[in-house]
2 protein chains.
Amino acid sequence: MSSGAFLNHELIGKTDGRRGLATPALVLDLKAFERNLSAMQEHCSRVGFKLRPHAKTHKSVSIARRQLQAGAIGLCCAKLGEAEALAEGGIDSLLVTSPVVASQGFSRIAKLNAKLKDFMIVADSAHCVEGYAKAGAQSGKKLKVLVDVDVGLHRTGILPGEPALGLAKRIAASPHLEFVGLQGYAGAVQHIEEFEERRKQSLAALKQLGDTRDMIAGAGIPCPIVSGGGTGTFNIDAEARVFTELQAGSYIFMDKQYGEVKIANAAPLPFETSLFVQTTVISANMPGLATTDAGFKAFATDAGPPALHAGAPEGASYFYFGDEQGGIMGAAGMKPGDVVLCTAPHCDPTVNLHDAYHVVDGDKLVDIWAIEARGRSA
Amino acid sequence: MSSGAFLNHELIGKTDGRRGLATPALVLDLKAFERNLSAMQEHCSRVGFKLRPHAKTHKSVSIARRQLQAGAIGLCCAKLGEAEALAEGGIDSLLVTSPVVASQGFSRIAKLNAKLKDFMIVADSAHCVEGYAKAGAQSGKKLKVLVDVDVGLHRTGILPGEPALGLAKRIAASPHLEFVGLQGYAGAVQHIEEFEERRKQSLAALKQLGDTRDMIAGAGIPCPIVSGGGTGTFNIDAEARVFTELQAGSYIFMDKQYGEVKIANAAPLPFETSLFVQTTVISANMPGLATTDAGFKAFATDAGPPALHAGAPEGASYFYFGDEQGGIMGAAGMKPGDVVLCTAPHCDPTVNLHDAYHVVDGDKLVDIWAIEARGRSA
């Protein structure tokens, strides 16, 4: 997926290509990324989970392909635009994890359903289901729908128990739809740093989901899929035996937030940081202060400042210095042209600011992978 | 600049096109935008200022063209990538307002200098000047350089007085460079909400810049350009008579931050909000709470949450609900499909998340303008 359209394409194959990148630039450590791919797939295989990784993290056809090659059953997408970008790139098994409500959205669903080998979407209201039925009719084949269940986050989803059962019945009754199961995402639980507390809250959320699945199956409606979970609960979700498949996303990259999440015995998650933002010092005229070329347009700021990974003195720290620049305090000895690697505070929205991954093996620039679904949030 | 590549192109010309947009979507109120264009140009003409608007705000060839048609002398760009995108769109007078230090950057400068009618860049170190001299030689014509002076922000710039004079001499002595003046940006001053305090701090910063200009001119080096200032100091900068040209950016859009800035007698700035993010309610299963389709990937979050402009009940407020979604509290009566307009908390990095402006006159979708320099931060 190399492309001549990218700024740094002439550096592909060069042994010191990384150091010559125009910055700010997203850098992906290929070996660490591949170890993360394997570690999660092996975990899922071992505990009898299917893996349907979430593409909202990477938004990239190249990465989706590698996840499928490693054993994933398909990809999740947050939005229709993301699904369309992956479908254009040949990814043919997609689950859209947010409800869609607008009429232009229903037409786009019809096209995706007609085109893809396996397309599914979630519903959490009668409004969605009505539109999806039209989309199914328009696409000429039944549209597969999961009921999105609110297990405590209150962001999307219908309440567990009777309300979810009612919606499942409505879907099952439509000649244009096929009810295939449930989705539940305990998003607020993922980043609880302490393991036992995260485990307790996760299992409580999952119990509601399991009870709802049993209620629906008890009403004679098959419920083969229960989809959800994430990187922060990858091992707790296995214990609960409610999910049939895991929607983890961030495990491939890790970020500063997930770096602080612990599993049993206070160990870190068994995934490595593979994603960095490379930035260059452009000014250093004040003692102890350096200014870099990466600010609000290079990092998503919702989770605080990035961590300095390499290239800055021990004890130095990064602060946001506006739209275009970052500052490094404790920058003694740094000078214009110095290259710094930062760990993204929050990977998904940071990736969404960039057009490409610069894939490296050490300092060698191995390839550039497009982020085809960047900005496809509609 | 309409384009068939955009999701909503089939709505162009429709009288209710705005309401049918796939969301989240950037919406630009054409009439308000045009009034802002005129108001700033008339102010500059009245006080005898040139206007060189900053393209880091809009990153769009369509908007740059309109600023030039209204009377601007050229555009500012924050980064080379931004300048390259505007140059590709035919904008031929550009000032790059950040120092560039990397060797790949010097080659790109050479190409821009060779191609454009009028290209200028700032320097704040001997390191820059050495590289720029190579770029000038490579481009076959003298490269115009301004010295970037640190008037208190300590982000970029060399100290005023002797250090700035020394750098000006170094530039003037190069056969490949032409020293054309100074740049100074008192960025921290722009958003001081109270007028007299902002005026006091601005004038102090500008005095240092004026003294430095006099020192350089006194040394026999002509210093025709003094460039800087912004939307928040547009009228204070006029009073100081130091700048020859104004680099304002945000006046065309305004945002929540600048909406809180006051001028003399506590009046708001004489510009209107013209830029909005349109979002749609996708879920409303909890009393008083609605979930929309715009989160961290639709808004830059460095300046807090957006304001609700239209479509939500009086007293309702928006909160970030993760990467893909927003929440509305006080959402009584809202339902899936409801369309909401939000005012961006901070326009520049929010624009940088989107690929196009949906230009509206009331509810009519008049056009779609590409954001060609989106993401061109390197």
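The values are calculated or read from the model by the stated rules, or taken from the named source; none is laboratory data. Only a predicted model underlies this, so the values are computations on that prediction, with no experimental measurement involved. When we count neighbours, we look across all protein chains shown, and the Cβ atoms used for this are built from the backbone with ideal geometry, even at glycine. Just so you know, the surface numbers come from the protein's heavy atoms only, side chains and all, with ligands and any DNA or RNA stripped out. Shrake-Rupley method; radii C 1.70, N 1.55, O 1.52, S 1.80 Å.
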### Query
Summing -39500 (n - 2.57) over the DSSP H runs of n ≥ 4 in chain A and dividing by its residue number, what mean residue ellipticity at 222 nm do you reach, to the nearest 500 deg cm²/dmol?
-9500 deg cm²/dmol
### Query
Too long at a 23 Å Cα-Cα cut-off: which of A:LYS297/B:LYS59; A:LYS297/B:LYS169; A:LYS79/A:LYS144; B:LYS141/B:LYS169; A:LYS79/A:LYS117?
A:LYS297/B:LYS169
#### Entry: Accessible area per residue in Å² at 1.4 Å probe, computed on the range B:31-266
35
### Task
Pull out a ≥ b ≥ c, the square roots of the eigenvalues of the alpha-carbon gyration tensor of the range B:1-90, then state rounded if a/c is under 1.5, prolate if not and a/b is larger than b/c, and oblate in the remaining case.
oblate
### Task
Find which of A:VAL180, A:LEU37, A:ALA300 sits farthest along the positive direction of the dipole of chain A, computed with +1 on the beta-carbon of Lys and Arg, -1 on that of Asp and Glu, about the Cα centre.
A:VAL180
### Query
Which value, in debye to the nearest 20, gives the size of the charge dipole of the range A:30-266 about its Cα centre, when Lys and Arg are +1 and Asp and Glu are -1 at the Cβ?
620
### Query
Hey, any idea what the orientation-averaged projected area of the convex hull of the protein assembly as shown's Cα atoms comes to, in nm²?
30.9
### Message
So the label point goes 7 Å from the Cα of B:ALA267 along Cα→C-beta, right? Which residues of the range B:189-220 then have their backbone N under 17 Å from it?
### Response
B:194-196, B:199
### Query
Within straight cross-link reach of A:LYS14, meaning Cα distance under 17 Å, which aspartates and glutamates are found once same-chain residues fewer than 8 apart are removed?
A:ASP29, A:ASP361, A:ASP363, A:ASP367
### Partners for A:LYS200 among aspartates and glutamates (Cα-Cα distance below 13 Å; same-chain residues under 8 apart left out)
A:ASP237, A:GLU239
### Message
Given a 1.4 Å probe, show me the residues in the range A:290-316 buried by at least 20 Å² of accessible surface when comparing the whole protein assembly to the chain alone.
### Response
A:THR291, A:PHE296, A:LYS297, A:THR301, A:ASP302
### Task
Could you state how much accessible area B:TYR320 has, in square angstrom rounded to the nearest 10, with a 1.4 Å probe and all protein chains kept in place?
50
### Share, in percent, of DSSP beta bridges within the protein assembly as shown that are antiparallel, nearest 5
50
## Note on the structure
Two pseudo-spin positions, 7 Å from Cα along C-beta at A:LYS335 and at A:LYS142, lie apart in nanometres by 7.1
### Task
Report the extension gain between A:ARG19 and A:VAL47 in nm, rounded to one decimal, defined as 0.36 nm multiplied by the number of residues separating them, less their alpha carbon distance.
6.0 nm
### Solvent-accessible surface ranking, highest first, for A:ILE91, A:ILE192 at 1.4 angstrom
A:ILE192, A:ILE91
### Loss of accessible area when B meets A, both sides summed, Å² nearest 100, probe 1.4 Å
4600
### Task
On the protein heavy atoms, probe 1.4 angstrom, tell me the percent of accessible surface of the protein assembly as shown carried by carbon and sulfur.
53
### Query
In terms of the Cα gyration tensor, with a ≥ b ≥ c the square roots of its eigenvalues, is the range A:30-266 rounded because a/c is under 1.5, prolate because a/b exceeds b/c, or oblate?
oblate
### Query
How high is the relative contact order of chain A, in percent, with contacts defined as C-alpha pairs under 8 Å that are six or more residues apart?
23
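Taking the Cα centre of the protein assembly as shown as the origin, how large is its charge dipole in debye, to the nearest 20, when only Lys and Arg (+1) and Asp and Glu (-1) carry charge on their Cβ atoms?
Around 1320 debye, computed over the protein assembly as shown.
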